[in-house]
Amino acid sequence: MVQSILDAISLGGLYSLAALGLGLVFGVMRLVNFAHAELITIAAYTLVLTAQFPLALSLIFTVLVTVFVALLMEFSVYRRLRGVNPAVMLIASFGLSIVLQRVYELMFGALPRSAAVAPFLRGDFKVAGLSITISSVITIVLTITILLAMGYLVEKTSLGLQLRAASADFKTARLLGVRSNRLISAAFGLSGVLAACVALILVIQNPQISPYYGLNITILSLVGIVIGGIASLRGAALGGFIVGVVLSSLNTLLGNGRVYAYSWLFILVLVILLVRPGGLLSKGSELERV
Amino acid sequence: MALLEVTNLVAGYGKVEVISDVSFTLEPGKSIGIVGPNGVGKSTLLQAIAGGIAPKGGSIIFDGKNIAGKKPEDIVRLGLSLVPEGRQIFSGLSVKENLALGLTGRRNKKGANEAILKMRELFPVLSTHENHQAGMLSGGQQQQLAIARALISEPKVLLLDEPSLGLAPTVITDVFERLQEIIGMGTAVVIVEQRANLVTSFAEKTIVIRDGKVQATLTPADAANSESLQRSYFGAGE
Amino acid sequence: MKHSGVTKFSIQNLLGPIIILILLTHFVGGASTSLQLITQSALCLFVMVLALQVFVGNSGVLSFGHGAFALIGSYVSAMLTAPVNIKDNALAMNQLWEPLISPQVNIYVALVISAAVSALVAAITGVFLMRLNGLAAGIATFALLGVAYNVFFNNKKIGPGSQALPGVPLIENNWILLLLAVISIIIVYFINISKIGRTLRATREDAMAAPALGISIFKVRLIAFILSGAIAGLAGGMYSHVAGTFQVQDYYLEFTFITLSMLIVGGSASIWGALVGTFTITAIGQVLLMMEQDLPVFGIQVQIPLGSRAVIIALTFVVVLLWRSGGITNGKEFRIPKLKRKS
């Protein structure tokens with residue numbers, strides 16, 4: 001029971017991190033970056049392939065690689081698509097996602113690559129007679145730390161202020177001097193950092209990395225940001241959290257029926273969207289035309 | 001030498017040309033009004049000057065440099081600031097945060113605190129509400145915030161797009177008094193207005209735009225003469 | 001958007017794509033056995049892309065849910081035509097629900113039923129989905145695909161689950177598939193020039209203007225969704241008779257992406273765009289496949305690394321979007337040139 005609750009919270013936290021990464025980029029350029037999945041995947045590959053190095057070194061290297069790929073995406077594809085119909089951008093990101101999956105397949109092979117990343121974080125310990133996995137606790141601690149850091153960045157720094165302003169009204173933000181290219185690059189860079197964090201947590205739990213590793217969590221976080229309210233980062237984080245908690249709870253509650261957990265989740269999503277098309281945190285009028 | 005010199009400007013959206021030939025000059029510390037019927041392209045003109053849209057032709061010389069087609073974030077750093085139509089304050093952010101955003105466009109990163117203090121003196125109401133959401137302010141207060149936000153970058157030229165929009169008459173008077181003070185401090189001002197009499201009596205000269213071109217130039221003396229105002233506004237014979 | 005599509009009936013616009021399609025089927029489909037198979041599956045994909053064109057192209061609302069209709073159409077047609085003993089034997093250990101084992105109908109009846117069932121599902125889901133706009137609509141249609149995939153993949157009472165259902169009778173004649181594709185073109189053409197098509201395009205260009213004109217966006221979108229659901233169902237049904245099997249995995253993310261990209265690469269605003277997109281991507285894929293297998297292409301032998309085919313296809317797609325966000329045809333319909341008689 002305690003373990004189930006911890007699992008639900010940790011999965012929720014994980015999804016909210018992924019959703020934040022998507023939400024940051026959506027905010028500044030109205031792009032639903034489907035290829036965020038491939039940022040998580042490349043981070044996971046890097047973690048596994050550098051597993052023989054000290055953890056700190058491996059982490060730094062992973063963040064650098066992921067941020068590099070994120071900036072490369074922005075520079076080579078999305079920068080040229082700025083201002084076009086969001087539907088076209090979404091489809092382009094879909095295409096980019098497949099390009100990268102195939103590139104990974106060529107580079108790393110179709111079969112899963114694995115290595116023990118931070119093996120000391122596996123296993124479980126006992127508290128008051130209850131057995132609890134170390135990874136769920138680590139996940140929760142890591143997630144809270146990262147969410148707090150993100151919260152500070154977004155709420156208290158000048159970059160965060162510019163991000164919030166640009167998400168609300170990019171045109172006016174530029175009139176005030178917000179540098180569009182830099183800010184969008186910064187958003188992509190941050191989404192890369194978040195993808196690396198997500199990958200770290202995922203890899204601790206499941207170190208079998210295939211070219212499609214980041215796909216599932218990205219699809220579900222995408223669903224999350226839409227139900228949370230795509231207009232704000234808080235909405236994105238909240239939506240991601242809800243999806244994670246619901247999915248984890250469904251897996252526990254449905255027993256043998258857990259293969260249908262996704263169906264129930266998607267039905268719940270439909271219901272939420274019908275009641276609040278702009279998402280749970282919307283103020284009603286923020287309908288995006290995508 | 002003129003601070004801002006717009007010559008044969010052409011501007012519009014997509015393939016549609018809204019402004020086909022507009023020229024005017026503005027000296028440092030002076031004011032100019034731009035009037036004309038609804039939908040004539042006054043906002044398009046300001047957007048083209050401030051970099052919100054790229055002009056299709058003509059030149060915009062500001063402070064000796066041609067700024068036509070530059071990005072808005074670069075133009076504001078050169079010292080030309082726009083208060084867009086409908087104010088466009090960030091209603092979800094606090095008043096303080098809105099003002100802080102104005103700092104982004106400063107050329108000189110020093111003196112930021114002084115600039116904010118100066119704005120608080122000029123618009124005391126912003127101090128009282130600094131931690132409130134900007135969306136909670138009244139229309140007049142929002143307009144003051146939008147002007148203050150644009151002034152924090154210490155522009156040499158301030159462009160205002162319909163500052164009177166949606167405001168009560170007494171509030172309009174108040175806003176224009178502040179503008180007078182701002183001009184007094186050495187900032188040149190370009191005001192676009194729907195209400196011709198308001199700006200014609202205020203600005204040193206006022207140009208009338210119709211059919212994408214400058215149709216007439218008015219002085220405050222013309223403001224008193226409503227007939228000449230109407231004639232230039234709607235064209236002869238109407 | 002500048003392109004509001006074709007509104008007035010013109011026989012040249014209608015016949016243009018049909019003639020090209022007939023020529024393609026005749027010359028390419030008749031060339032060799034492998035090309036015949038590719039032509040057949042391209043015809044099915046083309047019908048699917050047409051289905052997307054009707055809804056996505058006209059309304060501007062992105063649908064990730066049409067894979068669900070193709071899935072259902074394919075499922076219905078396969079289950080109604082696969083021999084009883086195969087359903088009985090191959091799937092008996094998977095506890096297929098009794099009443100589903102015995103029904104048997106003619107292929108063409110099955111195709112009509114599959115279109116009808118898909119239309120029904122589109123109607124029921126559309127009542128909810130069509131109330132949404134923008135990104136919410138995109139995600140909601142994706143949820144539809146997710147539910148359909150999840151249920152069919154896991155439930156062995158209603159179908160083969162994650163396995164393939166073999167023995168689905170084949171349509172071996174190219175011309176029958178061609179005929180079905182041509183019928184689809186005609187239907188789509190008339191939807192596009194109808195009041196519904198025009199109204200939908202009006203709502204795409206200005207979502208605010210439509211209610212002001214007294215148009216219910218919901219109603220026109222729902223009708224288009226149902227019609228395009230039916231065509232997608234037909235496409236799925238056709239495909240099961242080309243592949244000779246039904247498998248849930250064939251209609252998920254990859255399928256959704258390929259068909260949507262065919263539409264967008266070709267240009268989502270016209271039938272001609274759907275045709276160009278489908279055949280361009282199929283052709284590129286085929287040429288690259290031959291290169292991967294080190295076979296000569298038009299007498300030239302170029303070898304590319306195994307697996308790079310998919311990279312190049314997806315890359316082509318991204319490049320087309322960068323180069324021309326309206327797609328190759330950019331909204332134009334292909335017209336057969338008028339014959340000018342000098343008299």
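The values are calculated or read from the model by the stated rules, or taken from the named source; none is laboratory data. Fair warning: this is a prediction, and the values are worked out from it, not measured in the lab. When we count neighbours, we look across all protein chains shown, and the Cβ atoms used for this are built from the backbone with ideal geometry, even at glycine. For the accessible areas, the whole protein counts, side chains as well, though only heavy atoms, and no ligand, DNA or RNA atoms are used. Shrake-Rupley method; radii C 1.70, N 1.55, O 1.52, S 1.80 Å.
A:ILE227 meets each of the listed conditions (1) away from chain B (no Cβ under 14 Å); (2) at pLDDT below 90; (3) surrounded by fewer than 24 Cβ atoms within 10 Å (Cβ to Cβ) apart from (3). Look at (1) out of contact with any Leu (no Cβ under 9 Å at 6 or more places or on another chain); (2) within 14 Å of chain B (Cβ to nearest Cβ); (3) modelled with pLDDT of 80 or more and you find that A:SER158 fails only one, number (1). When restricted to residues that are among the polar types (S, T, N, Q) and not in a loop (DSSP other than H, G, I, E, B), segment A:100-120 contains 1. Being surrounded by fewer than 21 Cβ atoms within 10 Å (Cβ to Cβ), over 13 Å from the mean Cα position of the chain (by Cα) and farther than 25 Å from A:ASN181 by Cα is a condition met by at least one residue of segment B:38-52. Does C:ALA274 count as under 26 Å from C:ILE18 (Cα atoms) and within 14 Å of chain A (Cβ to nearest Cβ)? So C:ALA274 fails the test. Residues that are surrounded by fewer than 15 Cβ atoms within 10 Å (Cβ to Cβ) and either within 10 Å of another protein chain (Cβ to nearest Cβ) or aromatic (Phe, Trp, Tyr) (or both) do occur in segment A:112-123, at least one of them.
Of all the listed residues (A:THR218, A:THR252), the sole one being β-branched (Val, Ile, Thr) and open to solvent by 20 Å² or more (accessible area, probe 1.4 Å) is A:THR252.
Of all the criteria given as (1) facing chain C (nearest Cβ under 9 Å); (2) closer than 20 Å to A:ALA166 by Cβ; (3) open to solvent by less than 10 Å² (accessible area, probe 1.4 Å), the one not satisfied by A:ALA236 is (1). Somewhere in segment A:174-185, is a residue more than 13 Å from every other protein chain (Cβ to nearest Cβ) and touching a residue at least 24 places away in the same chain (Cβ under 8 Å)? Yes, there is a match, as at least one residue in segment A:174-185 is more than 13 Å from every other protein chain (Cβ to nearest Cβ) and touching a residue at least 24 places away in the same chain (Cβ under 8 Å).
Against the list (1) surrounded by fewer than 17 Cβ atoms within 10 Å (Cβ to Cβ); (2) facing chain C (nearest Cβ under 8 Å); (3) at pLDDT below 90, the condition A:ILE267 fails is (3).
Restricted to segment C:139-151, and to residues that are at the interface with chain A (Cβ under 7 Å from one of its Cβ atoms) and surrounded by fewer than 24 Cβ atoms within 10 Å (Cβ to Cβ), which residue is farthest from A:SER221 (Cα to Cα)? Before you say what the answer is, go through the steps one by one.
Of all residues in segment C:139-151, those at the interface with chain A (Cβ under 7 Å from one of its Cβ atoms) come to C:139-140, C:143, C:146-147, C:150-151.
When the remaining residues are screened for being surrounded by fewer than 24 Cβ atoms within 10 Å (Cβ to Cβ), the result is C:147, C:150-151.
Details: C:VAL147: 16, C:ASN150: 18, C:VAL151: 21 Å.
Once the filter is applied, the top-ranked residue is C:VAL151.
When only residues in segment B:78-96 that are within 7 Å of chain A (Cβ to nearest Cβ) and open to solvent by 40 Å² or more (accessible area, probe 1.4 Å) count, which is nearest to B:SER43 (Cα to Cα)?
Of all residues in segment B:78-96, those within 7 Å of chain A (Cβ to nearest Cβ) come to B:82, B:84, B:88, B:90, B:92-93.
Retained after the next criterion (residues that are open to solvent by 40 Å² or more (accessible area, probe 1.4 Å)): B:88, B:92.
On the way: B:GLN88: 14, B:GLY92: 25 Å.
The residue in question is B:GLN88.
Condition test on B:GLY33, is it within 20 Å of B:ALA216 (Cβ to Cβ), part of a loop (DSSP other than H, G, I, E, B) and not polar (S, T, N, Q)? For B:GLY33, the condition - within 20 Å of B:ALA216 (Cβ to Cβ), part of a loop (DSSP other than H, G, I, E, B) and not polar (S, T, N, Q) - is not met.
If you check C:ALA283 against the conditions, is it open to solvent by 40 Å² or more (accessible area, probe 1.4 Å), within 20 Å of the chain's Cα centre (by Cα) and more than 30 Å from C:VAL109 (Cβ to Cβ)? Yes: the conditions hold for C:ALA283. Exactly one residue out of B:GLU154, B:GLU121, B:GLU181 is touching a residue at least 40 places away in the same chain (Cβ under 8 Å), farther than 20 Å from B:VAL35 by Cα and in a helix (DSSP H, G or I), and it is B:GLU181.
Selection of segment A:194-215 for residues being within 13 Å of chain C (Cβ to nearest Cβ) and either part of a helix (DSSP H, G or I) or open to solvent by 20 Å² or more (accessible area, probe 1.4 Å) (or both) yields A:TYR212, A:LEU215. Just to be sure before I move on: is A:LEU59 within 8 Å of chain C (Cβ to nearest Cβ) and in a helix (DSSP H, G or I) in the structure I sent? Criteria not met by A:LEU59. The set of residues from segment A:93-109 being at the interface with another protein chain (Cβ under 8 Å from one of its Cβ atoms) and surrounded by fewer than 17 Cβ atoms within 10 Å (Cβ to Cβ) comprises just one member, A:LEU106.
If I filter segment B:111-124 down to residues being open to solvent by 10 Å² or more (accessible area, probe 1.4 Å) and over 15 Å from B:GLU97 (Cα atoms), which single residue comes out as nearest to the other protein chains (Cβ to nearest Cβ)? So, considering only residues that are open to solvent by 10 Å² or more (accessible area, probe 1.4 Å) and over 15 Å from B:GLU97 (Cα atoms), the one nearest to the other protein chains (Cβ to nearest Cβ) is B:GLY111.
Taking segment C:304-320 only, how many residues are modelled with pLDDT under 75 and touching a helix residue (DSSP H, G or I) at 6+ places or on another chain (Cβ under 6 Å)? Going through segment C:304-320 one residue at a time, the tally reaches 5.
Output the residues belonging to segment A:79-92 that are facing chain C (nearest Cβ under 9 Å) and not β-branched (Val, Ile, Thr).
Keep residues of segment A:79-92 that are facing chain C (nearest Cβ under 9 Å), which gives A:80-81, A:84-92.
Matches in segment A:79-92: A:ARG80, A:LEU81, A:ASN85, A:PRO86, A:ALA87, A:MET89, A:LEU90, A:ALA92.
Looking at A:GLN52, A:GLN3, which one is more than 11 Å from chain C (Cβ to nearest Cβ), part of a helix (DSSP H, G or I) and touching a residue at least 60 places away in the same chain (Cβ under 8 Å)? Give the derivation first.
Numbers: A:GLN52 fails: part of a helix (DSSP H, G or I).
Checking each option against the conditions leaves just A:GLN3.
The single condition among (1) crowded, with 20+ Cβ neighbours inside 10 Å; (2) farther than 14 Å from B:LEU159 by Cα that B:ASP21 does not meet is (1). Listed by position, the helices (runs of 4 or more DSSP H) enclosed by segment C:26-104 that each have at least 1 residues that are more than 22 Å from C:TYR149 (Cα to Cα) and free of Cβ contacts under 8 Å to residues at least 12 places away in the same chain are C:33-52, C:84-92.
If I filter segment B:188-210 for residues that are surrounded by fewer than 19 Cβ atoms within 10 Å (Cβ to Cβ) and closer than 22 Å to B:MET119 by Cα, do I get at least one hit? Taking every residue of segment B:188-210 in turn, none turns out to be surrounded by fewer than 19 Cβ atoms within 10 Å (Cβ to Cβ) and closer than 22 Å to B:MET119 by Cα. Considering every residue within segment A:70-85, establish whether at least one is closer than 30 Å to A:VAL137 by Cβ and surrounded by 20 or more Cβ atoms within 10 Å (Cβ to Cβ). For segment A:70-85, residues closer than 30 Å to A:VAL137 by Cβ and surrounded by 20 or more Cβ atoms within 10 Å (Cβ to Cβ): present.
Going by the conditions given, is A:THR62 open to solvent by less than 60 Å² (accessible area, probe 1.4 Å) and either small (Gly, Ala, Ser) or in contact (Cβ under 8 Å) with a residue 60 or more places away in the chain (or both)?
Details: open to solvent by less than 60 Å² (accessible area, probe 1.4 Å): yes; either small (Gly, Ala, Ser) or in contact (Cβ under 8 Å) with a residue 60 or more places away in the chain (or both): yes.
Yes: the conditions hold for A:THR62.
Select from segment B:40-77 the residues that are within 9 Å of chain A (Cβ to nearest Cβ), touching a helix residue (DSSP H, G or I) at 6+ places or on another chain (Cβ under 8 Å) and not aliphatic (A, V, I, L, M) and list them in ascending order. Selection gives B:GLY51, B:GLY52, B:LYS71, B:PRO72, B:GLU73, B:ARG77.
Does any residue of segment C:67-86 turn out to be within 30 Å of A:SER282 (Cβ to Cβ), surrounded by 24 or more Cβ atoms within 10 Å (Cβ to Cβ) and within 14 Å of chain A (Cβ to nearest Cβ)? So that I can check it myself, show each step before the final result.
Here is the first cut: in segment C:67-86, the residues within 30 Å of A:SER282 (Cβ to Cβ) are C:67-69.
If we keep only those that are surrounded by 24 or more Cβ atoms within 10 Å (Cβ to Cβ) too, we end up with C:67-69.
Narrowing further to those that are within 14 Å of chain A (Cβ to nearest Cβ): C:67-68.
Looking through segment C:67-86, at least one residue is within 30 Å of A:SER282 (Cβ to Cβ), surrounded by 24 or more Cβ atoms within 10 Å (Cβ to Cβ) and within 14 Å of chain A (Cβ to nearest Cβ).
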